[in-house]
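The values are calculated or read from the model by the stated rules, or taken from the named source; none is laboratory data. This one's a predicted model, so the numbers in the text were calculated from it and none came from an experiment. Please note: Cβ atoms are built from the backbone with ideal geometry, for glycine as well, and neighbour counts cover all protein chains shown. Side chains are part of the model used for accessible areas, which takes the heavy atoms of the whole protein and leaves out ligands, DNA and RNA. Shrake-Rupley method; radii C 1.70, N 1.55, O 1.52, S 1.80 Å.
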Amino acid sequence: MFLRIDHIGVACRDLEEKIRLFSDTFDLTVVAREVNEEQGVKEAMLHISDGEGGGSYIQLLEPLSEDSPVGKFLAKRGEGVHHVAFGVRDVADAMGKISERGVRLLDERPRHGSMDSRIAFLHPKDVGGMLTELVQAARR
Ligand code: MC0
């Protein structure tokens, strides 16, 4: 079902500071920036490599407010890995199959994600404590 790891989402308090850290330490380049009001984040994608159906990235996430998902996560757990996102060919199809297997979906239908992807989240409690995202990358 999974084509590749699309991205690792990292919660941070200061996006610009963490962009400098990740790009200087690992020679990564920011290829996209976005404010996603629906998800309550300001984010940057740092490209690692290209694979089947899209690329792999580190996604740095700064919350737009304290009561957003990333804002609550930072208050409870501090900075660090927030979620792991897997590339899929068809997000709606993957959601259907995964739901039938007893995992709760956090989204009823795909939403807008980074770089015009279509995304959906799975409940961390049903995936071994790992907030999991499905990503159907935009066709390029
Ligand atoms: C919360 N929990 C997590 C977690 N966030 N576990 C692992 N990883 C995380 N990131 C755990 C809590 O510790 C708690 O467990 C339980 O889940 C319920 O959490 P809560 O604090 O009571 O509830 P909420 O209101 O914070 O909701 C958590 C939930 C929410 C995961 C349902 O954050 C959500 O719907 N997330 C999906 C959307 C999202 O994260 N968007 C931001 C990235 P205990 O044991 O304490 O009960 S947007 C993004 O990434 C886009 C732009 C993209 O990729 O393109």
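Would you mind working out the magnitude of the charge dipole of the range 4-136 relative to its Cα centre, with +1 at each Lys and Arg C-beta and -1 at each Asp and Glu C-beta, to the nearest 20 Debye? Write out the running numbers ahead of the final one.
Values: 17 positive and 24 negative charges, 92 e Å.
In debye, rounded to 20, the range 4-136 gives about 440.
For the range 35-124, trypsin sites (Lys or Arg not before Pro) meeting the loop criterion (DSSP other than H, G, I, E, B) and having at most 16 other Cβ atoms within 10 Å: Arg89, Arg101, Arg104. A simple rule links phi to the HN-Hα coupling: the Karplus curve 6.51 cos²θ - 1.76 cosθ + 1.60 with θ = phi - 60°, which for the range 87-96 gives x, 10, 6, 9, 5, 5, 5, 5, 4, x Hz, with x for Gly and Pro.
Once you sort the root eigenvalues of the Cα gyration tensor of the range 1-56 as a ≥ b ≥ c, which label holds: rounded (a/c under 1.5), prolate (a/b larger than b/c) or oblate (the other case)? Before the final figure, lay out each step's value.
Numbers: a/c = 2.22, a/b = 1.25, b/c = 1.78.
Oblate shape, in that a/c is at least 1.5 and b/c is the bigger or equal ratio.
Based on alpha-carbon atoms, the Kirkwood radius and the radius of gyration of the range 33-83 give Rg/Rh equal to 1.04.
Count charges around Pro124 for me, please; just the other residues with Cβ under 13 Å from its Cβ, Lys/Arg as +1, Asp/Glu as -1.
Values: positive: Lys72, Lys76, Arg77, Arg104, Lys125; negative: Asp126, Glu133.
Result for the local shell: +3.
Of the residues Gly55, Gly102, Gly80, the one that moves most in a GNM of the chain with alpha-carbon contacts below 10 Å is Gly102. Report the residue, chosen from Leu122, Leu106, Leu15, that carries the largest GNM mean-square fluctuation when the chain is represented by alpha-carbon nodes joined by springs under 10 Å. With Cα springs under 10 Å in the chain, the top fluctuation among Leu122, Leu106, Leu15 is at Leu106.
GNM on the chain, alpha-carbon springs under 10 angstrom: the most fluctuating residue among His112, His82, His47 is His112. Working from Cα pairs under 8 Å separated by at least six residues, relative contact order for the range 4-136 is 25 percent.
Could you pull out the longest piece of the chain with no exposed loop GluC sites (Glu not before Pro) in it, calling a site exposed if DSSP puts it outside H, G, I, E, B and it has at most 16 other Cβ atoms within 10 Å? Write out the running numbers ahead of the final one.
Details: sites that count: Glu37, Glu38, Glu52, Glu66, Glu79, Glu108.
After excluding every exposed loop site, the longest remaining stretch is 1-36.
Listed by chain and number, the lysines whose C-alpha is less than 29 Å from the C-alpha of Lys76, apart from same-chain residues fewer than 8 away, are Lys18, Lys42, Lys125.
Ranking Phe22, His123, Leu74 by how far each Cα lies toward the positive end of the dipole of the chain (charges on Cβ) leaves His123 at the top. Using just its DSSP H runs of length 4 or more, each adding -39500 (n - 2.57), the chain gives a mean residue ellipticity at 222 nm of -6500 deg cm²/dmol after division by all residues. What the chain shows is 56 Å² of accessible area per residue, with the surface traced by a 1.4 Å probe over protein heavy atoms. Taking one quarter of the surface of the C-alpha convex hull of the chain gives a mean projected area of 8.0 nm².
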